[in-house]
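K.L.:
Would you mind keeping the following structure in view while I ask a few things?
The values are calculated or read from the model by the stated rules, or taken from the named source; none is laboratory data. Because the structure is predicted, anything quoted here is derived from the model rather than measured. Cβ atoms come from the backbone with ideal geometry, glycine included; neighbour counts cover every protein chain shown.
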Amino acid sequence: MAIDTISAQCFIAVADTGSFTKAAIRVGRTQSAVSQQIAKLENFVEKQLFVRGKIFSLTNEGEIFLGYMRQIFALHREAIDCFKGPELKGEVRFGVPEDFASVFLYDVLREFSQIHPKILLNIECDLTLNLYEKFKHKEFDLAVVKMRPPHEFSHAIELLSEKLEWAGDARLIKKGEAIPLVLSSKPCIYREKAIAALDKKRIKWRLAFSSNSYAGKIAALRAGLGITVFPHTIIPPEIKIIRSHLLPELKDSHFSLLKHKNNNAAVNSFEEFVIKNLK
(Lines give C-alpha, C1' and ligand atoms only; values in the text may rest on other atoms or scores of the structure.)
Protein backbone atom coordinates (compact mmCIF):
# COMPACT_ATOMS: atom_id res chain seq x y z
CA MET A 1 0.00 0.00 0.00
CA ALA A 2 1.19 3.52 -0.82
CA ILE A 3 0.26 6.48 1.36
CA ASP A 4 -1.81 8.67 -0.94
CA THR A 5 -3.32 12.10 -0.44
CA ILE A 6 -6.78 10.66 0.29
CA SER A 7 -5.38 8.66 3.20
CA ALA A 8 -3.46 11.71 4.40
CA GLN A 9 -6.54 13.93 4.17
CA CYS A 10 -8.70 11.42 6.10
CA PHE A 11 -6.07 10.94 8.80
CA ILE A 12 -5.60 14.69 9.28
CA ALA A 13 -9.35 15.25 9.42
CA VAL A 14 -9.84 12.58 12.11
CA ALA A 15 -6.88 13.93 14.12
CA ASP A 16 -8.17 17.52 13.93
CA THR A 17 -11.84 16.81 14.67
CA GLY A 18 -11.43 13.89 17.08
CA SER A 19 -14.33 12.15 15.38
CA PHE A 20 -14.83 9.83 12.41
CA THR A 21 -18.26 11.39 11.84
CA LYS A 22 -16.98 14.98 11.71
CA ALA A 23 -13.98 13.91 9.63
CA ALA A 24 -16.28 12.26 7.10
CA ILE A 25 -18.29 15.47 6.72
CA ARG A 26 -15.09 17.48 6.24
CA VAL A 27 -13.60 15.28 3.51
CA GLY A 28 -16.91 14.52 1.81
CA ARG A 29 -16.83 10.75 2.35
CA THR A 30 -18.81 8.23 4.37
CA GLN A 31 -17.83 7.44 7.95
CA SER A 32 -17.06 3.83 7.01
CA ALA A 33 -14.78 4.97 4.17
CA VAL A 34 -12.82 7.18 6.56
CA SER A 35 -12.58 4.35 9.11
CA GLN A 36 -11.26 2.03 6.40
CA GLN A 37 -8.58 4.54 5.40
CA ILE A 38 -7.41 4.82 9.02
CA ALA A 39 -7.40 1.03 9.44
CA LYS A 40 -5.32 0.66 6.26
CA LEU A 41 -2.82 3.23 7.51
CA GLU A 42 -2.50 1.47 10.88
CA ASN A 43 -1.96 -1.88 9.13
CA PHE A 44 0.61 -0.32 6.81
CA VAL A 45 2.73 1.30 9.55
CA GLU A 46 2.01 -1.57 11.96
CA LYS A 47 1.24 0.89 14.75
CA GLN A 48 -1.93 1.98 16.52
CA LEU A 49 -2.44 5.63 15.59
CA PHE A 50 -5.55 6.43 17.64
CA VAL A 51 -6.72 5.61 21.15
CA ARG A 52 -10.33 4.50 20.72
CA GLY A 53 -12.25 4.70 23.95
CA LYS A 54 -14.09 7.15 26.15
CA ILE A 55 -11.49 9.74 25.14
CA PHE A 56 -10.61 9.62 21.44
CA SER A 57 -7.05 10.82 20.86
CA LEU A 58 -3.80 10.22 18.99
CA THR A 59 -1.25 7.76 20.33
CA ASN A 60 2.39 8.87 20.62
CA GLU A 61 3.06 7.20 17.26
CA GLY A 62 -0.02 8.93 15.86
CA GLU A 63 1.32 12.35 16.91
CA ILE A 64 4.56 11.69 15.06
CA PHE A 65 2.72 10.31 12.04
CA LEU A 66 0.47 13.39 11.92
CA GLY A 67 3.45 15.65 11.28
CA TYR A 68 4.44 13.62 8.22
CA MET A 69 0.86 13.50 6.94
CA ARG A 70 0.53 17.28 7.16
CA GLN A 71 3.73 17.65 5.11
CA ILE A 72 2.54 15.17 2.48
CA PHE A 73 -0.83 16.86 2.09
CA ALA A 74 0.64 20.38 2.08
CA LEU A 75 3.15 19.43 -0.64
CA HIS A 76 0.33 17.93 -2.68
CA ARG A 77 -1.72 21.13 -2.42
CA GLU A 78 1.30 23.29 -3.25
CA ALA A 79 2.11 21.21 -6.33
CA ILE A 80 -1.46 21.38 -7.63
CA ASP A 81 -1.64 25.12 -6.98
CA CYS A 82 1.71 25.71 -8.70
CA PHE A 83 0.56 24.17 -11.97
CA LYS A 84 -3.04 25.31 -11.88
CA GLY A 85 -2.17 28.97 -12.29
CA PRO A 86 0.12 31.86 -11.33
CA GLU A 87 0.96 32.49 -7.68
CA LEU A 88 -1.73 34.58 -6.05
CA LYS A 89 -0.94 37.88 -4.36
CA GLY A 90 -2.96 40.59 -2.71
CA GLU A 91 -5.03 41.15 0.43
CA VAL A 92 -8.20 39.57 1.75
CA ARG A 93 -10.20 41.54 4.34
CA PHE A 94 -12.27 39.04 6.32
CA GLY A 95 -14.81 39.70 9.06
CA VAL A 96 -15.84 36.83 11.33
CA PRO A 97 -17.55 36.28 14.71
CA GLU A 98 -15.01 35.35 17.40
CA ASP A 99 -16.71 32.12 18.44
CA PHE A 100 -16.82 30.96 14.82
CA ALA A 101 -13.15 31.89 14.37
CA SER A 102 -12.13 30.08 17.57
CA VAL A 103 -13.54 26.77 16.32
CA PHE A 104 -13.30 26.80 12.51
CA LEU A 105 -10.61 29.27 11.43
CA TYR A 106 -7.45 27.40 12.51
CA ASP A 107 -7.51 24.82 9.70
CA VAL A 108 -8.42 27.43 7.10
CA LEU A 109 -5.53 29.73 8.04
CA ARG A 110 -2.98 26.93 8.28
CA GLU A 111 -3.74 25.43 4.89
CA PHE A 112 -4.32 28.71 3.08
CA SER A 113 -1.10 30.36 4.31
CA GLN A 114 0.95 27.33 3.25
CA ILE A 115 -0.40 27.45 -0.29
CA HIS A 116 -0.71 31.23 -0.71
CA PRO A 117 2.06 32.79 1.41
CA LYS A 118 1.97 36.07 -0.57
CA ILE A 119 -1.68 36.82 0.24
CA LEU A 120 -2.13 39.11 3.25
CA LEU A 121 -5.05 38.07 5.44
CA ASN A 122 -6.56 40.97 7.34
CA ILE A 123 -9.03 39.39 9.80
CA GLU A 124 -11.32 41.19 12.22
CA CYS A 125 -13.57 39.56 14.85
CA ASP A 126 -16.76 41.29 15.97
CA LEU A 127 -20.46 40.77 16.65
CA THR A 128 -22.58 39.80 13.66
CA LEU A 129 -24.56 43.03 13.34
CA ASN A 130 -21.36 45.09 13.49
CA LEU A 131 -19.74 42.84 10.87
CA TYR A 132 -22.80 43.16 8.65
CA GLU A 133 -22.73 46.96 8.81
CA LYS A 134 -19.01 47.05 8.01
CA PHE A 135 -19.51 44.64 5.12
CA LYS A 136 -22.26 46.85 3.68
CA HIS A 137 -19.81 49.77 3.80
CA LYS A 138 -17.26 47.58 1.93
CA GLU A 139 -14.80 47.38 4.82
CA PHE A 140 -14.58 43.59 4.21
CA ASP A 141 -14.18 41.50 1.06
CA LEU A 142 -15.72 38.50 2.84
CA ALA A 143 -17.69 38.20 6.06
CA VAL A 144 -19.28 35.39 8.04
CA VAL A 145 -22.52 36.45 9.72
CA LYS A 146 -25.00 34.62 11.93
CA MET A 147 -28.04 34.98 9.70
CA ARG A 148 -29.57 33.63 6.51
CA PRO A 149 -28.06 35.02 3.27
CA PRO A 150 -29.38 38.60 2.82
CA HIS A 151 -31.20 39.09 -0.50
CA GLU A 152 -29.34 42.30 -1.35
CA PHE A 153 -26.03 40.48 -1.88
CA SER A 154 -25.94 38.18 -4.91
CA HIS A 155 -22.75 36.41 -3.78
CA ALA A 156 -24.06 35.43 -0.32
CA ILE A 157 -24.37 31.72 0.54
CA GLU A 158 -25.50 29.79 3.61
CA LEU A 159 -22.56 27.95 5.17
CA LEU A 160 -24.40 25.89 7.76
CA SER A 161 -27.52 25.75 9.86
CA GLU A 162 -27.75 24.06 13.23
CA LYS A 163 -29.65 23.97 16.47
CA LEU A 164 -28.87 26.41 19.24
CA GLU A 165 -28.26 24.72 22.59
CA TRP A 166 -28.43 25.82 26.19
CA ALA A 167 -25.02 25.15 27.76
CA GLY A 168 -23.43 25.34 31.20
CA ASP A 169 -24.17 23.90 34.63
CA ALA A 170 -27.73 22.57 34.80
CA ARG A 171 -27.71 22.91 38.61
CA LEU A 172 -28.01 26.69 38.15
CA ILE A 173 -31.56 26.23 36.84
CA LYS A 174 -33.93 26.23 39.80
CA LYS A 175 -37.70 26.37 39.58
CA GLY A 176 -39.07 29.75 40.62
CA GLU A 177 -35.66 31.47 40.56
CA ALA A 178 -34.29 33.78 37.87
CA ILE A 179 -31.95 31.93 35.49
CA PRO A 180 -28.42 33.45 35.48
CA LEU A 181 -27.29 34.15 31.91
CA VAL A 182 -23.83 34.54 30.38
CA LEU A 183 -24.29 36.58 27.21
CA SER A 184 -22.64 39.01 24.84
CA SER A 185 -23.66 42.65 24.98
CA LYS A 186 -26.03 44.15 22.42
CA PRO A 187 -26.26 43.70 19.46
CA CYS A 188 -25.91 39.90 19.61
CA ILE A 189 -28.00 37.34 17.72
CA TYR A 190 -27.64 34.64 20.41
CA ARG A 191 -28.55 37.10 23.16
CA GLU A 192 -31.70 38.16 21.34
CA LYS A 193 -32.81 34.56 20.71
CA ALA A 194 -32.16 33.46 24.30
CA ILE A 195 -34.01 36.38 25.89
CA ALA A 196 -36.88 36.19 23.39
CA ALA A 197 -37.36 32.47 24.10
CA LEU A 198 -37.35 33.01 27.88
CA ASP A 199 -39.67 36.04 27.74
CA LYS A 200 -42.11 34.17 25.49
CA LYS A 201 -42.44 31.45 28.15
CA ARG A 202 -42.46 34.07 30.94
CA ILE A 203 -39.39 32.54 32.52
CA LYS A 204 -37.49 34.85 34.86
CA TRP A 205 -33.83 35.54 34.04
CA ARG A 206 -31.00 37.82 35.07
CA LEU A 207 -27.79 38.83 33.35
CA ALA A 208 -24.96 37.33 35.44
CA PHE A 209 -22.03 37.98 33.10
CA SER A 210 -21.62 39.98 29.90
CA SER A 211 -18.71 39.80 27.46
CA ASN A 212 -18.29 39.94 23.71
CA SER A 213 -15.34 37.55 24.03
CA TYR A 214 -15.95 33.86 23.33
CA ALA A 215 -13.06 32.98 25.64
CA GLY A 216 -14.52 35.24 28.32
CA LYS A 217 -17.93 33.55 28.15
CA ILE A 218 -16.34 30.09 28.31
CA ALA A 219 -14.39 31.17 31.42
CA ALA A 220 -17.61 32.41 33.02
CA LEU A 221 -19.35 29.10 32.27
CA ARG A 222 -16.46 27.17 33.77
CA ALA A 223 -16.67 29.35 36.88
CA GLY A 224 -20.37 28.51 37.23
CA LEU A 225 -21.59 32.10 36.84
CA GLY A 226 -24.48 31.19 34.58
CA ILE A 227 -25.65 29.41 31.45
CA THR A 228 -25.59 30.54 27.82
CA VAL A 229 -26.65 29.60 24.28
CA PHE A 230 -24.29 28.39 21.55
CA PRO A 231 -24.59 26.46 18.28
CA HIS A 232 -23.85 22.79 18.94
CA THR A 233 -20.52 22.69 17.07
CA ILE A 234 -18.86 25.54 18.97
CA ILE A 235 -19.53 24.17 22.46
CA PRO A 236 -16.18 22.94 23.86
CA PRO A 237 -16.07 19.40 25.35
CA GLU A 238 -15.75 20.61 28.95
CA ILE A 239 -19.02 22.59 28.74
CA LYS A 240 -22.16 20.50 29.05
CA ILE A 241 -25.28 20.83 26.91
CA ILE A 242 -28.33 21.33 29.14
CA ARG A 243 -31.47 19.26 28.61
CA SER A 244 -34.16 20.63 30.92
CA HIS A 245 -37.93 21.01 30.71
CA LEU A 246 -37.46 24.31 32.55
CA LEU A 247 -35.78 25.86 29.50
CA PRO A 248 -37.56 26.79 26.24
CA GLU A 249 -36.63 25.47 22.79
CA LEU A 250 -34.40 27.75 20.75
CA LYS A 251 -34.59 28.63 17.08
CA ASP A 252 -31.89 27.34 14.75
CA SER A 253 -28.67 29.26 14.18
CA HIS A 254 -27.62 30.15 10.62
CA PHE A 255 -24.17 31.10 9.31
CA SER A 256 -23.79 32.82 5.94
CA LEU A 257 -20.75 33.86 3.94
CA LEU A 258 -21.04 37.27 2.25
CA LYS A 259 -18.94 38.45 -0.70
CA HIS A 260 -19.14 41.66 -2.73
CA LYS A 261 -17.87 40.53 -6.12
CA ASN A 262 -16.63 37.46 -7.92
CA ASN A 263 -13.61 38.78 -9.88
CA ASN A 264 -10.89 38.76 -7.22
CA ALA A 265 -8.81 35.55 -7.42
CA ALA A 266 -7.34 35.94 -3.92
CA VAL A 267 -10.76 36.48 -2.33
CA ASN A 268 -12.29 33.61 -4.32
CA SER A 269 -9.51 31.25 -3.25
CA PHE A 270 -9.94 32.11 0.43
CA GLU A 271 -13.71 31.70 0.08
CA GLU A 272 -13.16 28.17 -1.27
CA PHE A 273 -11.03 27.29 1.76
CA VAL A 274 -13.69 28.54 4.18
CA ILE A 275 -16.43 26.57 2.42
CA LYS A 276 -14.30 23.42 2.14
CA ASN A 277 -13.66 23.35 5.88
CA LEU A 278 -17.36 23.61 6.69
CA LYS A 279 -19.17 21.61 4.04
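K.L.:
When the residues of segment 76-102 are filtered to those that are surrounded by fewer than 16 Cβ atoms within 10 Å (Cβ to Cβ) and at pLDDT 80 or above, which remaining residue is farthest from residue 217 (Cα to Cα)?
P.N.:
Checked segment 76-102; the qualifying residue farthest from residue 217 (Cα to Cα) is 89.
K.L.:
Quick check on my filter: what residues within segment 28-54 are within 29 Å of residue 275 (Cα to Cα) and of a type in the set (Phe, Trp, Tyr)? Outline the logic, then answer.
P.N.:
First, pick out the residues of segment 28-54 that are within 29 Å of residue 275 (Cα to Cα): 28-41, 49-50.
Within segment 28-54, just 50 meets the criteria.
K.L.:
Of the residues that make up segment 123-132, is at least one in contact with a Cys (Cβ under 9 Å, 6 or more places away or on another chain), within 22 Å of residue 264 (Cβ to Cβ) and either among the polar types (S, T, N, Q) or buried (at least 19 other Cβ atoms within 10 Å of the Cβ) (or both)? Steps first, please.
P.N.:
Filtering segment 123-132 for residues in contact with a Cys (Cβ under 9 Å, 6 or more places away or on another chain) gives 127-129, 131.
From what is left, the residues that are within 22 Å of residue 264 (Cβ to Cβ) are 131.
Narrowing further to those that are either among the polar types (S, T, N, Q) or buried (at least 19 other Cβ atoms within 10 Å of the Cβ) (or both): 131.
Yes, segment 123-132 contains at least one residue that is in contact with a Cys (Cβ under 9 Å, 6 or more places away or on another chain), within 22 Å of residue 264 (Cβ to Cβ) and either among the polar types (S, T, N, Q) or buried (at least 19 other Cβ atoms within 10 Å of the Cβ) (or both).
Listed here are the residues, each with its yes/no results for (1) of a type outside the set (A, V, I, L, M); (2) outside the structural domain of residue 270 (by TED's automatic domain parsing); (3) free of Cβ contacts under 8 Å to residues at least 12 places away in the same chain.
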site	(1), (2), (3)
12	no, yes, no
39	no, yes, yes
44	yes, yes, no
51	no, yes, yes
56	yes, yes, no
64	no, yes, yes
